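One structure below.
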Amino acid sequence: MMAVFSLTSCQQKIVTYNDGYDDGNTSTGAPQISGVYDAKSAESPIVAADMEQLIKIEGKNLSNVKYIRFNDVDVDLKQVYAKAKEIYLPVPRALPTEVTNVLTVCTKLGVTTTPFEVKVPDMKIDYLFNEFALPGDTVQVIGNFFDLYGFDTENAVVKLGGVDVKIDSVSASYMSIIIPDGAAENSSVVFSTPSLDAPISIPYRNTDDVLWNLSDPDACGLWAGQSFITTGGGVNDPVMLDKPYFRVKGSWGAWSWNNLPCGNINVSSDIADHKSDYYFVFEVNSNSLNPFYASSAGYIIQLNGGWYVWNPSKDVSFNTYGRWQTIKIPLEEIGGNLSAGSNGMFFIFQPSDAWSVDHSFANHRIIKK
């Protein structure tokens, strides 16, 4: 007997599942912009943004980008995520040569524009970390946006009393300079670059504004706290910046009342009548092992009946780590009914808990904003 086997061949139909599939990257014509949004909260369109702000551009045919431009500043395409209906990108951190307030998107299939403003921050140079820095010291310049305005060792010009000042280091938000030998007191540090409309000046060692000459406590009208005064020659005393200062070192019980230097000061009629135009300024130095404490009391400044608690650690722990640092407080915040002529200025130390401190204070002054 013979067995017969039959083989049947089957044909399989190939099905294409991506017919008409769009991956979102395909553009078919010139780009169109329907709106620009903040990328973190795309609720309503925006017409302006800060530098480095992440934004979202919505529209059509936005893929295959050749360039994106704010004013005349190109965006780094490595920072761009683009699809046909949307683009994510940060606003570039660079000053335009020409301000047009126009956003331009150029793709392989065309170009489009829309009105859009980039908010340009003003140059920010506030003061020296230590306004009484000594000649030869390297001191930080408190400010920001140094990179935007061309502060580098080639383009920036810094002078102190007409003498060239060397820039020690500089970045986007940090700059330090070296105080030249022979730098004059009661002068200004002047900063300029080609990108600034006008030079910026900040004060340096304004000894004429110092309220108390602690080298002669009796003559400057102190009636308390003379035992805290030092010339900087004691054990571990901070270096003396100009004249004697007072150092608060030791341990005190909770809510103890301690008179630091207290006495009289003379103020002008303009200071008395326009407190909002002035700062109350001093230098402070804390031993690295003794930061300032957050407290409901602590260091109390009284000007003619005012009551101001200086609490630098209220939000973030404050410690100068053995360096002198300039402190500026709006004069109107300190309060008090100042009058032209003689006024009382008292420094009180009243810790809300038992404290061990090592803090020094110098060069109290009132300066124009």
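The values are calculated or read from the model by the stated rules, or taken from the named source; none is laboratory data. For clarity, every value in this text was computed on a predicted model and none was experimentally measured. Virtual Cβ from ideal backbone geometry, glycine too; neighbours counted across all protein chains shown.
Among residues of segment 142-156 being in a loop (DSSP other than H, G, I, E, B) and of a type in the set (A, V, I, L, M), the one that is nearest to residue 104 (Cα to Cα) is 148. Residue-level check: of (1) part of a strand (DSSP E or B); (2) closer than 30 Å to residue 149 by Cα, residue 223 misses just (2). Somewhere in segment 124-141, is a residue modelled with pLDDT under 95 and part of a loop (DSSP other than H, G, I, E, B)? No - not one qualifying residue is present in segment 124-141.
Looking at this structure, is residue 111 in a strand (DSSP E or B), touching a Gly at 6+ places or on another chain (Cβ under 9 Å) and either surrounded by fewer than 15 Cβ atoms within 10 Å (Cβ to Cβ) or aliphatic (A, V, I, L, M) (or both)? The answer is no for residue 111. With respect to the conditions (1) among the hydrophobic types (A, V, I, L, M, F, W, C); (2) over 22 Å from the mean Cα position of the chain (by Cα); (3) assigned to a strand (DSSP E or B), residue 214 falls short on a single one, namely (3).
Suppose we keep only residues that are at pLDDT below 95 and hydroxyl-bearing (Ser, Thr, Tyr) within segment 289-306. Which one would you say is surrounded by the most Cβ atoms within 10 Å (Cβ to Cβ)? Among residues in segment 289-306 that are at pLDDT below 95 and hydroxyl-bearing (Ser, Thr, Tyr), the one surrounded by the most Cβ atoms within 10 Å (Cβ to Cβ) is 293. In segment 14-38, the residues that are on the phi > 0 side of the Ramachandran plot and modelled with pLDDT under 85 form Cβ pairs under 6 Å with partners that are assigned to a loop (DSSP other than H, G, I, E, B) and not hydroxyl-bearing (Ser, Thr, Tyr), at six or more places apart or across chains, as follows: 24/83; 24/84.
Among the residues of segment 222-239, those that are over 19 Å from residue 300 (Cβ atoms), surrounded by fewer than 18 Cβ atoms within 10 Å (Cβ to Cβ) and not hydroxyl-bearing (Ser, Thr, Tyr) comprise 232, 233, 234, 235, 236, 237, 239. Taking residue 183 as the residue in question, decide whether it is under 32 Å from the mean Cα position of the chain (by Cα) and under 30 Å from residue 153 (Cα atoms). Taking the combined requirement at face value, the residue satisfies it. Here the condition is being out of contact with any strand residue (DSSP E or B) (no Cβ under 7 Å at 6 or more places or on another chain), more than 14 Å from residue 125 (Cα to Cα), modelled with pLDDT under 90 and of a type in the set (D, E, K, R); of 154, 185, it holds for 154 alone. I'd like to check something: does segment 270-291 contain any residue that is in the same structural domain as residue 214 (by TED's automatic domain parsing), free of Cβ contacts under 8 Å to residues at least 40 places away in the same chain and either of a type in the set (A, V, I, L, M) or within 26 Å of residue 236 (Cα to Cα) (or both)? Checking segment 270-291: at least one residue is in the same structural domain as residue 214 (by TED's automatic domain parsing), free of Cβ contacts under 8 Å to residues at least 40 places away in the same chain and either of a type in the set (A, V, I, L, M) or within 26 Å of residue 236 (Cα to Cα) (or both).
Let's see how each residue does on (1) free of Cβ contacts under 8 Å to residues at least 40 places away in the same chain; (2) outside the structural domain of residue 347 (by TED's automatic domain parsing); (3) surrounded by fewer than 19 Cβ atoms within 10 Å (Cβ to Cβ); (4) part of a strand (DSSP E or B):
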{"position": "173", "(1), (2), (3), (4)": "yes, yes, yes, no"}
{"position": "176", "(1), (2), (3), (4)": "yes, yes, yes, yes"}
{"position": "182", "(1), (2), (3), (4)": "no, yes, yes, no"}
{"position": "219", "(1), (2), (3), (4)": "yes, no, yes, no"}
{"position": "264", "(1), (2), (3), (4)": "no, no, yes, yes"}
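Evaluation of residue 134 against the conditions (1) of a type outside the set (Val, Ile, Thr); (2) in contact with a strand residue (DSSP E or B) (Cβ under 9 Å, 6 or more places away or on another chain); (3) in contact (Cβ under 8 Å) with a residue 60 or more places away in the chain shows that the sole unmet condition is (2). Scan segment 188-215 for residues that are closer than 17 Å to residue 365 by Cβ and charged (D, E, K, R) and jot them down. 205, 208, 209, listed by residue number.
Figure legend. Inter-residue proximity from segment 78-99: first residues touching a residue at least 24 places away in the same chain (Cβ under 8 Å) and assigned to a strand (DSSP E or B), second residues loosely packed, with under 15 Cβ neighbours inside 10 Å and among the polar types (S, T, N, Q), beta-carbon distance below 7 Å, spacing 6+ or different chains. Indicated pairs: 89/79; 90/79.
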